[in-house]
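Please read the structure below before turning to the comments.
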Amino acid sequence: MHDVTLQTLVWLFIVVFLLHDLEEIIWVEAWIKKNRNRVYTKVPIRIRNQLDKMFNITSGQFAFAVLLEFVVFIPFTFMAAEHEKFFIFLSFNTLFLLHVFTHLGQTLYLRMYTPGVVSAVILVLPYTVYLGYRMIHEELVTWGEILLSIPVGLLLVPIVLLGHELGRKFVK
């Protein structure tokens, strides 16, 4: 028997998501100002051009993008927790798990702290692994559905990009 109900575990996604993004919101602007030049010297030239747009973001603009993601996550988390409709929720969490490795990769490549890596390792990784374990163990999802959820989860990418664009437009 598990101490945490699956319903509670599903709702914890919102908490883990917000705590992870709060770390990023708090540190992103100051980290960019402090480390911009150091990062530019470590990445290939073709990546530097892409970094320019990302490196001109404020914490408020980043928070706007997080808000948009949060608004998207709420109804699907509700559907999973209250109606056991798991697939879209699963896709968000599969991507959330993979996102941990982007933070780890950035940190290892740059050999420095990057915003979000601490909460990714301490919160997101154990949460998403345990959630996946529980969903498989309780036969709510299959490994095939988990694999199928990856491309569906990638539909979040345009939402994230839109959030950052809207953040730049509405938060000065």
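Computed from the coordinates by the stated procedures, all read-outs in this text should not be read as laboratory data. In this text, all values refer to a predicted model and were calculated from it rather than measured experimentally. Here Cβ is always computed from backbone atoms with ideal geometry, including for glycine, and neighbour counts include all displayed protein chains.
Summary table below
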| item | result |
| --- | --- |
| Charge dipole (debye, nearest 20) of the chain; +1 at Cβ of Lys and Arg, -1 at Cβ of Asp and Glu | 1240 |
| Dipole in debye (nearest 20) - region 4-59, about Cα centre, beta carbon charges: Lys, Arg +1; Asp, Glu -1 | 500 |
| Ranked by how many other beta carbons lie within 10 Å on average, peptides 77-85, 153-161 from highest | 77-85, 153-161 |
| Max mean-square fluctuation residue, GNM over the chain, Cα-Cα springs under 10 Å, options GLN50, GLN106, GLN61 | GLN50 |
| Neighbourhood net charge (15 Å Cβ-Cβ; Lys/Arg +1, Asp/Glu -1) for LEU166 | +2 |
| Computed log₁₀ I(q)/I(0) - Debye formula, equal Cα scatterers, no solvent, the chain, q 0.16 Å⁻¹ | -0.99 |
| For region 112-172, average projected area of the Cα convex hull in nm² | 6.2 |
| P(r) of region 6-48 over all Cα-Cα pairs, binned every 10 Å from zero, in whole percent | 24, 29, 24, 17, 6 |
| GNM top mover of VAL117, VAL129, VAL100 - the chain, alpha-carbon springs below 10 Å | VAL129 |
| Helix-only CD estimate at 222 nm, as mean residue ellipticity for the chain, using -39500 (n - 2.57) per DSSP H run (n ≥ 4) | -27000 deg cm²/dmol |
| In nm, spacing of pseudo-spin labels at ARG36 and TRP143 (7 Å Cα→C-beta vector) | 4.7 |
| Candidates THR128, THR58, THR102, ranked by Gaussian network fluctuation over the chain, Cα under 10 Å, top entry | THR102 |
